[in-house]
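**Q** Pasting a structure below so you can have a look.
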Amino acid sequence: MPQSRRLVLCVDDEAVGLQVRRMILERSGYSVLTAHDGPTGLKVFAENPIEAVVLDYAMPGMDGGQVAAQMREHKPQVPILLLSAYMSLPADLSGLVDISMTKGEGAPVLLQKLDSLFSN
């Protein structure tokens, strides 16, 4: 179970997926902020005491790898969980994110992986 309302940022260009993830995380005890694209996500990340990020990989304009790289420059200690519809991701992402999963793995896996970021 998450510790006292940890603040998580979810970044995804798909509105339905973003709202579903927000609902799942809030019901599990997290506080959640959302952003619909990379630049907005970076702004929210910079302006709030974010404790973890759930980041979509495939977004128009600025993909998750580019967003993760900038997040790492500003707050390298904040863990990033990268979501993707793709089974394999570019190898250069491994140093930018802490953990990844496919969107099809579902809510229980999302919660387990996010919880694991806080227990390390």
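The values are calculated or read from the model by the stated rules, or taken from the named source; none is laboratory data. Since we're looking at a predicted model, the values are computed, not measured. Glycine gets a Cβ as well: all are built from the backbone with ideal geometry, and neighbour counts include every protein chain shown. Remember, those area values only see protein heavy atoms, side chains included, never the ligands or the DNA or RNA. Shrake-Rupley method; radii C 1.70, N 1.55, O 1.52, S 1.80 Å.
**Q** Can you say whether Lys103 is basic (Lys, Arg), modelled with pLDDT under 90 and within 13 Å of the chain's Cα centre (by Cα), as far as the supplied structure shows?
**A** Here the answer is yes, as Lys103 does meet what is asked.
**Q** What do you reckon, is Gln112 under 18 Å from Tyr30 (Cα atoms) and either open to solvent by 80 Å² or more (accessible area, probe 1.4 Å) or at pLDDT below 90 (or both)?
**A** When the stated conditions are applied, Gln112 passes them.
**Q** While we're here: Does the range 22-73 hold any residues that are out of contact with any helix residue (DSSP H, G or I) (no Cβ under 8 Å at 6 or more places or on another chain) and more than 20 Å from Met101 (Cβ to Cβ), and which are they?
**A** Ser31, Asp37, Pro39, Thr40, Lys43, Val44, Glu47, Asn48, Pro49, Pro60, Glu73
**Q** To continue, here is another question. Can you say whether Asp98 is among the charged types (D, E, K, R), open to solvent by 40 Å² or more (accessible area, probe 1.4 Å) and over 21 Å from Arg6 (Cβ atoms), as far as the supplied structure shows?
**A** It is false that Asp98 is among the charged types (D, E, K, R), open to solvent by 40 Å² or more (accessible area, probe 1.4 Å) and over 21 Å from Arg6 (Cβ atoms).
**Q** Filter the range 34-68 down to the residues that are among the charged types (D, E, K, R) and either open to solvent by 70 Å² or more (accessible area, probe 1.4 Å) or modelled with pLDDT of 95 or more (or both) and list them by number.
**A** Asp37, Lys43, Glu47, Glu51
To keep it simple, each residue is scored yes or no on (1) among the basic types (Lys, Arg); (2) free of Cβ contacts under 8 Å to residues at least 40 places away in the same chain; (3) farther than 14 Å from Leu110 by Cα.
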{"position": "Val8", "(1), (2), (3)": "no, no, no"}
{"position": "Ile24", "(1), (2), (3)": "no, no, no"}
{"position": "Arg27", "(1), (2), (3)": "yes, yes, no"}
{"position": "Ser31", "(1), (2), (3)": "no, yes, yes"}
{"position": "Gly41", "(1), (2), (3)": "no, yes, yes"}
{"position": "Val44", "(1), (2), (3)": "no, yes, yes"}
{"position": "Ala52", "(1), (2), (3)": "no, no, no"}
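**Q** Based on this model, can you work out whether Val11 counts as open to solvent by less than 40 Å² (accessible area, probe 1.4 Å) and either in contact with an Asp or Glu (Cβ under 8 Å, 6 or more places away or on another chain) or modelled with pLDDT under 95 (or both)?
**A** yes
**Q** Looking at the range 69-85, which of its residues are open to solvent by less than 10 Å² (accessible area, probe 1.4 Å) and part of a loop (DSSP other than H, G, I, E, B)?
**A** Val78
**Q** Going residue by residue through the range 35-42, is there one that turns out to be assigned to a helix (DSSP H, G or I), of a type outside the set (S, T, N, Q) and either in contact with a Lys or Arg (Cβ under 9 Å, 6 or more places away or on another chain) or over 9 Å from Val11 (Cβ atoms) (or both)?
**A** The answer is yes, given that some residue of the range 35-42 is assigned to a helix (DSSP H, G or I), of a type outside the set (S, T, N, Q) and either in contact with a Lys or Arg (Cβ under 9 Å, 6 or more places away or on another chain) or over 9 Å from Val11 (Cβ atoms) (or both).
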